[in-house]
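Chemist: Take this structure first; my questions come after.
The values are calculated or read from the model by the stated rules, or taken from the named source; none is laboratory data. All figures in this text were calculated on a predicted structure; none of them were measured in a lab. Counting neighbours? That spans all protein chains shown, and the Cβs are built from the backbone with ideal geometry, glycine included.
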């Protein structure tokens, strides 16, 4: 099964001097989910977009094409149009594109220019576009500009053989745009191919997903649509709760989730991939701690503006599943103090605090609360309430977990709006036994290799 999916990860930090983390730029209540689709000319980008849209028929989707933002040519330019490079970043009015996209992200309608390729000019018949649940932004260079990239929740690159792209371009430009084959070939050799190698191909490294063979790769498109639906569920909850942060998912992360969720995965593989995911969650969570700015001198004698980590920090694991996250935290924060809380499950909704051992000065620290699964939220609420009773400010608590069920998110975020939750994936729901669905089973039993019936701790 050739899905042709290549992942990329991104990280961010924030600090107490207004160096706010990218992760904290949570989407407002009306902001759409933005998907960028890039690739060479005639690579099949539009076909990929159309197939994605056709499968997302239950969502409001709008397609914005970078081609609409070509700059109009002056009369002088038109006289020497064969010398004009339409595949160069300067050929596009990126400022207008950014303005239109930012307006759409704010939930407002915009007028998208209409570009006539025969006269090489924008004409007055602009297209009025309303903001939607999903915006797909398609174009050869949309992954080239960092400001445009920052608008996107998902970045796709359509990778198609150069011979196929040239054949499609000849057909399109001669039939749809009234050009002759000789001019198309001259333009390709002089501008299209060099610009692809200089600007478009290097932007491939910014993609989260790479699709070989373009619109012909139905397997990849089906997987992308499934991924979009998963991310939309997370996106909606993140729009509701500004203190909820789901780490940016790639197919590498989804692949690790596939392994730890598989009932047939052996213990050593489960531990290996769980540890990798835990490390990502811990690193991402650390990005939400306060930092202070610091200037340092590098070995070259240059001055680098950096940040200093928060010193007053500790971890608290909810026994026993939370203990699986301690090694990753120690690996990231040398010498960190780690406290423990033991909570016993009583029936479906009751919880009883059995044991706690916390740093004596915990009230003056930022606390990373560790538990791989947020299900109903009952255990988390008990643990958080204990921390608050010890004098820990609510805003100083970051709850780290691998998966979070919507019910637990609602329960914790509503009760503790200043606390932050960082998770790697949001579940579909809870079953009648209050287990997360699709879930990973009893995480502690699978991680530590104990029998399913050996414990009733939550």
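Chemist: Determine which member of the set 141, 185 is in contact (Cβ under 8 Å) with a residue 60 or more places away in the chain and either part of a loop (DSSP other than H, G, I, E, B) or in the same structural domain as residue 36 (by TED's automatic domain parsing) (or both).
Modeler: 141
Chemist: I've got another one for you. Which pairs have Cβ atoms under 8 Å, sit 6 or more apart or on different chains, and link a residue in the stretch 213-224 that is in the same structural domain as residue 164 (by TED's automatic domain parsing) and at positive phi to one that is outside any loop (DSSP other than H, G, I, E, B) and crowded, with 18+ Cβ neighbours inside 10 Å?
Modeler: Short answer, once both residue conditions are applied: 213/159; 214/39; 214/45; 214/48; 214/158; 214/159.
Chemist: For the stretch 414-421, indicate whether the set of residues that are surrounded by fewer than 24 Cβ atoms within 10 Å (Cβ to Cβ), in contact (Cβ under 8 Å) with a residue 40 or more places away in the chain and over 22 Å from residue 316 (Cβ atoms) is non-empty.
Modeler: Checked against the condition, which is being surrounded by fewer than 24 Cβ atoms within 10 Å (Cβ to Cβ), in contact (Cβ under 8 Å) with a residue 40 or more places away in the chain and over 22 Å from residue 316 (Cβ atoms), the stretch 414-421 yields no hits at all.
Chemist: Shifting gears a bit: Can you pull out the residues in the stretch 67-90 that are under 16 Å from residue 196 (Cβ atoms) and touching a helix residue (DSSP H, G or I) at 6+ places or on another chain (Cβ under 9 Å)?
Modeler: Result: 85, 86, 87, 88, 89.
Chemist: Under 31 Å from the mean Cα position of the chain (by Cα) and modelled with pLDDT of 90 or more - does that describe any residue in the stretch 229-244? It would help to see each step written out before you state the result.
Modeler: From the stretch 229-244, those under 31 Å from the mean Cα position of the chain (by Cα) are 229-244; that's our starting set.
Retained after the next criterion (residues that are modelled with pLDDT of 90 or more): 243-244.
For the stretch 229-244, residues under 31 Å from the mean Cα position of the chain (by Cα) and modelled with pLDDT of 90 or more: present.
Chemist: Turning to a different aspect of this structure: Need a quick list: strands (runs of 3 or more DSSP E) entirely within the stretch 284-359 having at least 1 residues that are exposed (fewer than 13 other Cβ atoms within 10 Å of the Cβ) and touching a strand residue (DSSP E or B) at 6+ places or on another chain (Cβ under 6 Å).
Modeler: Working: elements: 292-297, 303-308, 313-319, 337-346, 350-357.
Those strands (runs of 3 or more DSSP E) span 292-297, 303-308, 337-346, 350-357.
Chemist: Residue 150 is checked against (1) surrounded by 16 or more Cβ atoms within 10 Å (Cβ to Cβ); (2) modelled with pLDDT under 95; (3) closer than 20 Å to residue 231 by Cα and fails just one. What number does that condition carry?
Modeler: With (1) surrounded by 16 or more Cβ atoms within 10 Å (Cβ to Cβ); (2) modelled with pLDDT under 95; (3) closer than 20 Å to residue 231 by Cα applied to residue 150, the lone miss is (1).
Chemist: Would the stretch 395-408 turn up any residue that is in contact with a strand residue (DSSP E or B) (Cβ under 7 Å, 6 or more places away or on another chain), more than 25 Å from residue 366 (Cα to Cα) and in a strand (DSSP E or B)?
Modeler: No: zero hits.
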